[in-house]
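Read through the structure below, which is laid out as structure tokens, and then see the notes.
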Amino acid sequence: MNEAEINAKAWDQEAVNGNAWARIVDEEEINNARNGNIHLRVTIDKNIPLSWIEPLKGKHVLSLGGGGGQQTPLLAAYGCQTECVDRSSGMLERDRAALEKYKLKAILHNLDMTDLSPIPSSSFDGIVSPVSMNFVSNIQKVFSEAARILKKGGIFIFGIANPALYMFDDIKLAKGRMKIKYTLPFSDDKSLSSKELKKRIMKGDTVEYSHTLESIIGGVTEAGFSITGFFSDGTSFEPIDSFLQDCYLAFRTIKN
């Protein structure tokens, strides 16, 4: 199973369908960023603290897995020398449309976030990655690549789902019913039957991985980062948020 190709196709369709992560930011948000008050999200609702991103103003920053017309144009408007990596051409097109609309510049790369080999080592001052590592089976590769392309002291900000979100029956969850179905760590290719997985892929759904707190926190520190900031966020879906407050996790880390 080629998870990158499956998820690229799924996100191409999500870009057409108007997924929340594929809605181009409005002019007010762009103007706020131009004026130094950037509202940047790596989880569902909360903006990252301005103090997390201020040291990157005017610096070389990568929007990792961040296509969709949001993080990339906002970083560019904030004054960053911005590039974006995304495997979905559809999501990159949303970035391209946003950049054209607001007369901004950024370099866009259609790459798998686990293999950034075309990008030189120690070439970025910062990386901002909205929730995207749950579409990758091996996040240690992402952390290793992030460490490689960042300069010493570079800032890596990322969002990721709380592993506990993947315990629930997603069909019942969509109807507001909470029923624990899966053991953790969850992965579509192991937790589902082959028939269920095939059906999911045929429908154009993404394949996802819950990861563990050890692989997230231990993985990023093992790659050579120190955690300097953290917050949690909800889903904007009351049945889940009433049950689990820390649905999404946001980290600010620095390369040692």
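The values are calculated or read from the model by the stated rules, or taken from the named source; none is laboratory data. None of the values given here were measured: they were computed from a predicted structure. When we count neighbours, we look across all protein chains shown, and the Cβ atoms used for this are built from the backbone with ideal geometry, even at glycine.
Here Thr253 fits the description: assigned to a strand (DSSP E or B), surrounded by 11 or more Cβ atoms within 10 Å (Cβ to Cβ) and modelled with pLDDT of 90 or more. Inspection of region 215-231 identifies no residue that is without any contact (Cβ under 8 Å) to a residue 60 or more places away in the chain, part of a helix (DSSP H, G or I), hydroxyl-bearing (Ser, Thr, Tyr) and loosely packed, with under 13 Cβ neighbours inside 10 Å. Only one of the numbered conditions (1) over 24 Å from Ile201 (Cβ atoms); (2) out of contact with any helix residue (DSSP H, G or I) (no Cβ under 8 Å at 6 or more places or on another chain); (3) part of a helix (DSSP H, G or I); (4) without any contact (Cβ under 8 Å) to a residue 40 or more places away in the chain is not met by Leu99, and that is (2).
Can Met91 be described as in contact with a helix residue (DSSP H, G or I) (Cβ under 8 Å, 6 or more places away or on another chain), free of Cβ contacts under 8 Å to residues at least 60 places away in the same chain and not in a strand (DSSP E or B)? No: the conditions fail for Met91.
Filtered by the rule that a residue be more than 17 Å from Gly65 (Cα to Cα), among the acidic types (Asp, Glu) and either buried (at least 19 other Cβ atoms within 10 Å of the Cβ) or touching a Leu at 6+ places or on another chain (Cβ under 6 Å) (or both), region 13-38 gives a lone residue, Glu29.
Selection of region 12-64 for residues being touching a helix residue (DSSP H, G or I) at 6+ places or on another chain (Cβ under 6 Å), of a type in the set (Asp, Glu) and not in a helix (DSSP H, G or I) yields an empty set. Against the condition buried (at least 22 other Cβ atoms within 10 Å of the Cβ), part of a loop (DSSP other than H, G, I, E, B) and modelled with pLDDT of 95 or more, how does Met113 come out, does it pass? Criteria met by Met113. Restricting the first member to region 173-187 and to residues that are farther than 24 Å from Ser137 by Cα and assigned to a loop (DSSP other than H, G, I, E, B), and the second to residues that are at pLDDT below 90 and of a type in the set (Lys, Arg), the beta-carbon pairs closer than 8 Å and six or more apart or on different chains are Met178/Lys172; Lys179/Lys172.
Of all residues in region 152-163, one or more are of a type outside the set (A, V, I, L, M) and in a loop (DSSP other than H, G, I, E, B). When the residues of region 7-60 are filtered to those that are in contact with a Ser or Thr (Cβ under 7 Å, 6 or more places away or on another chain) and of a type in the set (Val, Ile, Thr), the one that is farthest from Ile155 (Cα to Cα) is Ile44. Does Val142 fit the bill of being crowded, with 20+ Cβ neighbours inside 10 Å and in a loop (DSSP other than H, G, I, E, B)? Criteria not met by Val142.
Flag not set for Ser242, criterion: crowded, with 18+ Cβ neighbours inside 10 Å, more than 20 Å from the chain's Cα centre (by Cα) and modelled with pLDDT under 95.
Considering region 200-212, and only residues there that are at pLDDT 90 or above and part of a helix (DSSP H, G or I), the residue that is nearest to Gly159 (Cα to Cα) turns out to be Ile201. For region 126-175, residues that are at pLDDT 95 or above, over 15 Å from Thr235 (Cα atoms) and among the aliphatic types (A, V, I, L, M) total 12. The residue that is surrounded by the most Cβ atoms within 10 Å (Cβ to Cβ), counting only those in region 39-83 that are modelled with pLDDT of 95 or more and of a type in the set (Asp, Glu), is Glu83. Considering region 197-214, and only residues there that are within 23 Å of Trp11 (Cβ to Cβ) and polar (S, T, N, Q), the residue that is surrounded by the fewest Cβ atoms within 10 Å (Cβ to Cβ) turns out to be Thr206.
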